[in-house]
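Report on the following structure.
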Amino acid sequence: RGRDGHFPPRARRSIPGPAIMKLDFSVLDAPVRAADKLEAECAAEVTSDVHAQNFKLPLVDDYDDFQREVVDYVKPNHGTTTLGFIFEHGVVIAVDSRASQGPYISSQTVKKVIEINPYLLGTMAGGAADCQFWQRNLGIQCRLHELENGKRISVCGASKLLANTLYGYRGQGLSMGTMVAGWDLTGPGLYYVDSDGTRLKGQRFSVGSGSLFAYGVLDQGYKWDLSVAEACELGRRAIYHATFRDAFSGGTISVYHVSEKGWTKMSGTDVGELHFEYYPAEPVGEGGEKQTGDAMET
């Protein structure tokens, strides 16, 4: 007892309760598939700021006046020659490889065919950076379509995706004139798409500064029932004659054939070698005399 005659209160003892176990339920989660991871990465890239048209504009009071004043200073000078046509056995695509910056030839080895997937090809004409960037972006969109729907996108659908993207950037300085060619369930397909959002379906197209020269050869030699070898030779010859007459086209001529089994690169030939094939040098006799048949010319 205490001094006041009462018993002191008992000290409370803490009684340990049952141990609380933390269970790990992560083993019940579905495993992350590689395809799901790839789809998430592609979706994040497609929906990023680049695709959301968030390019920063110049900080000027009147953007339209600013564009009109500087357009002559930044207007690019470019040239190329690309062509594509459909025939009985598929699609043939032929391109050159020269890139120019005004009068300066900046490269002779540009790859102007973008391999979107094993059954789809895209060509480049216009600004090299614009074409490369947006056609690779098209490849991402086509892969997403394949993952979501379980089948390859059609040539018509791929060209529509590209046209929709370019239409959103119309008037913002893009310079593109491309072709989308391939093979789907309906057969061969060929579309022309440019930076204004124009989209045309056709049997024969040629795009670039040398396209008029290529059309002259292509229209003269085109037939529906060409063999694969004849069609590839026609495309090669058309591009060669365009490089001969157009100073902004040249380098190496690449020819692709697209069939129901996918695309195949048929050849890549330097235009210098083709020149002596299409214009063989005449034999020269003794004393500088040119031999023409049985006659001799001095």
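Convert 10 °C to kelvin, take the viscosity as 1.306 mPa s, use the Kirkwood radius over C-alpha pairs of region 74-156 as Rh, and evaluate the Stokes-Einstein diffusion coefficient in µm²/s, rounded to a whole number. Before the final figure, lay out each step's value.
Working: Rh = 14.4 Å.
Using the Kirkwood radius from Cα pairs, D works out to 110 µm²/s.
Using a 1.4 Å probe on the protein heavy atoms, what percent of the accessible area of region 125-266 belongs to carbon and sulfur? Could the numbers behind the result be given before it?
Values: 3240 of 6410 Å².
So the carbon and sulfur contribution to the accessible surface is 50 percent.
Would you kindly compute the Cα radius of gyration of region 213-279 and its largest Cα-Cα separation (Dmax), both in Å?
Calculated on Cα positions, Rg and Dmax stand at 12.2, 36 Å.
In percent, how large is the relative contact order of region 146-190, given Cα pairs closer than 8 Å and 6 or more residues apart?
Working: 26 pairs, mean separation 19.9, N = 45.
Rounded, it is 44 percent for region 146-190.
Using a 1.4 angstrom probe with every protein chain in place, what is the largest-first accessible-area order of THR82, THR264, THR269?
Numbers: THR82 0, THR264 70, THR269 30 Å².
Largest to smallest exposure gives the sequence THR264, THR269, THR82.
Leaving out ligands and nucleic acids, note down the accessible area per residue over region 187-246 with a 1.4 angstrom probe, in whole Å².
Working: 2760 Å² over 60 residues.
Value for region 187-246: 46 Å² per residue.
If you roll a 1.4 Å probe over the heavy atoms of the protein chains, what accessible area per residue do you get for region 85-154, in Å²?
So region 85-154 comes to 42 Å² accessible per residue, rounded to a whole number.
Taking 0.36 nm per residue of sequence separation and subtracting the Cα-Cα distance, how much length would be gained by fully extending the chain between ASP270 and GLU148, in nm to one decimal?
Details: separation 122, 0.36 × 122 = 43.92 nm, distance 4.18 nm.
Here the segment from ASP270 to GLU148 would lengthen by 39.7 nm.
With N set to the residue count of region 110-224, report its C-alpha Rg divided by 2.2 N^0.38 Å to two decimal places. Kindly include the intermediate steps, with their values, before the conclusion.
Numbers: Rg = 14.2 Å, N = 115, 2.2 N^0.38 = 13.4 Å.
Compactness ratio reported: 1.06.
Taking 0.36 nm per residue of sequence separation and subtracting the Cα-Cα distance, how much length would be gained by fully extending the chain between LEU59 and SER227, in nm to one decimal? Can you show the working numbers first?
Working: separation 168, 0.36 × 168 = 60.48 nm, distance 5.72 nm.
Stretched fully, the LEU59-SER227 segment lengthens by 54.8 nm.
Please list TYR278, TYR104 from largest to smallest accessible area, probe radius 1.4 Å, with all protein chains kept in place. Before the final figure, lay out the partial values.
Values: TYR278 50, TYR104 135 Å².
Final ranking, largest accessible area leading: TYR104, TYR278.
Top to bottom by accessible area (1.4 Å), largest first, where do VAL207, VAL70 land? Can you show the working numbers first?
On the way: VAL207 20, VAL70 45 Å².
Most to least solvent-accessible, the answer reads VAL70, VAL207.
Just the Kirkwood number for region 117-164, please: inverse of mean 1/r across all distinct Cα pairs, in Å, one decimal.
11.1
The values are calculated or read from the model by the stated rules, or taken from the named source; none is laboratory data. Worth saying up front: this structure is predicted, and the values here are computed from it rather than measured. To get the accessible areas, we keep the full protein, side chains included, count just its heavy atoms, and leave off ligands, DNA and RNA. Shrake-Rupley method; radii C 1.70, N 1.55, O 1.52, S 1.80 Å.
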